[in-house]
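Down below is the structure, laid out as structure tokens.
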Amino acid sequence: MNTTEIQSEITVGVDVSKSKLDIMLYPLNLYFTVANEAAEIQKVIVLLQSHRISRIVTEATGRYEHAFVFACDKAGLPVVVVNPIQVRRFAQAIGVLAKTDKLDAGVLAQFGATLKPEIKPIPDEQSRLVKDLLVRRTQLLEMSTMEKNRLQILPKPLHASIKAMLKSLEKQIDTLTKQLDTLVMQFKGWREKADILTSVPGVGKVLAYTLLSDLPELGKLNRKEIAALVGVAPMSRESGSYTGKRRIRGGRARVRTVMFMAMMSAIQCNPVFKRYYEHLKAQGKLPKVALIACMRKLLVTLNTMMKNGTRWGEESPELA
């Protein structure tokens, strides 16, 4: 690629808020603002299609970015959603300490042009719906737990109200669970993958659906890559003569949370993981550390099973 081609490539930074999009085209230094609504987004799409765009970079902003990101993906534009913490640290590294919408859009554009974050496929509509249903189910379960706690501490005259709420929540949770089952069973590819994942004792439907919707890379990466992606690979902390404890960090927190709960079950009902967990504790590992290690081994095993299309027991699980 020659210098002219490099200069002709444009990186777009988009700072998203509930009401508007602040957009910077780098290195053209072209900045403008539009409303964060469908009609205005389509106008932006047409404008961006008239340029040679190498990347469109925006941050995860709690769903406010969804309409723009999905529109870009549908139009075939190279859009990538990045971690806000990484962008903020990049801004500090290049000396941008002030924070305005225009500055943020410019920093996002420079971040994309400098670090060139990998452009990954945007989840399809089915994956997004499964994820939304799982998130809502989790919210209802948390509400149910809070109501159960209140039942233990509030006076008896209030128990009828709490029990009525618990009954309503239980009904909604059951409805969402059935919706999830129906959605996954409608698609052969997802149905087969779910069957592979749930063949492992301790891996239930919730974990299987979470992996299918939030971890599409499962079965496509090697063991180190998949562990790092989820955030269950211990990171070294060394400097000079100092050697700190290795800790897990980063990764996909929601996947990790669901896996943690699943492993609590797996070490009870899965003899292989139960033996491995007890072996780690016998070596002096703390219970939580042993659980995280079991999570990593479970993830690696599931990754291999998905890659080879095999069920639990058809090949030796990778627990060595």
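The values are calculated or read from the model by the stated rules, or taken from the named source; none is laboratory data. Computed from a prediction, not measured in an experiment: that's the story for all the values here. Ideal geometry is used to build each Cβ from the backbone, glycine not excepted, and the neighbour counts take in all protein chains shown. Ligands, DNA and RNA are stripped out before the accessible areas are found, and what is left, the full protein with its side chains, is counted by its heavy atoms. Shrake-Rupley method; radii C 1.70, N 1.55, O 1.52, S 1.80 Å.
Quick look at the values:
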item: Asp73 being in contact (Cβ under 8 Å) with a residue 60 or more places away in the chain and of a type outside the set (Phe, Trp, Tyr); result: no
item: Answer from Val130, Val79 - the residue that is within 23 Å of Ile41 (Cα to Cα), aliphatic (A, V, I, L, M), surrounded by 14 or more Cβ atoms within 10 Å (Cβ to Cβ) and touching a residue at least 12 places away in the same chain (Cβ under 8 Å); result: Val79
item: Lys120 vs. criteria under 19 Å from Phe70 (Cβ atoms) and without any contact (Cβ under 8 Å) to a residue 60 or more places away in the chain; result: yes
item: Test: residue in the range 58-68 that is part of a helix (DSSP H, G or I), crowded, with 17+ Cβ neighbours inside 10 Å and without any contact (Cβ under 8 Å) to a residue 60 or more places away in the chain; result: yes
item: Filter result for Ile85 (under 21 Å from Gly250 (Cβ atoms) and either in a helix (DSSP H, G or I) or at pLDDT below 95 (or both)); result: yes
item: Meets criteria (open to solvent by less than 70 Å² (accessible area, probe 1.4 Å) and touching a Leu at 6+ places or on another chain (Cβ under 7 Å)) for Ser144; result: yes
item: Cβ pairs under 6 Å, 6+ apart, first in the range 182-198 and surrounded by fewer than 17 Cβ atoms within 10 Å (Cβ to Cβ), second basic (Lys, Arg); result: Met185/Arg191
item: Which numbered condition Thr114 misses (of (1) open to solvent by less than 80 Å² (accessible area, probe 1.4 Å); (2) closer than 30 Å to Ala91 by Cα; (3) free of Cβ contacts under 8 Å to residues at least 60 places away in the same chain; (4) part of a helix (DSSP H, G or I)); result: (1)
item: First in the range 17-45 and touching a residue at least 40 places away in the same chain (Cβ under 8 Å) and closer than 13 Å to Gln110 by Cα, second anywhere and in a strand (DSSP E or B) and open to solvent by 60 Å² or more (accessible area, probe 1.4 Å), Cβ under 6 Å, 6 or more apart; result: Met24/Tyr31
item: Matching residues, the range 166-181, being out of contact with any Leu (no Cβ under 6 Å at 6 or more places or on another chain), farther than 25 Å from Leu197 by Cα and either outside any helix (DSSP H, G or I) or open to solvent by less than 90 Å² (accessible area, probe 1.4 Å) (or both); result: Leu166, Ser168
item: Scope the range 82-104; condition within 23 Å of the chain's Cα centre (by Cα) and surrounded by fewer than 15 Cβ atoms within 10 Å (Cβ to Cβ); matching residues; result: Asn83, Pro84, Ile85, Gln86, Arg89
item: Subset of the range 199-218 [surrounded by fewer than 19 Cβ atoms within 10 Å (Cβ to Cβ) and not charged (D, E, K, R)]; result: Ser199, Pro201, Gly204, Val206, Pro216
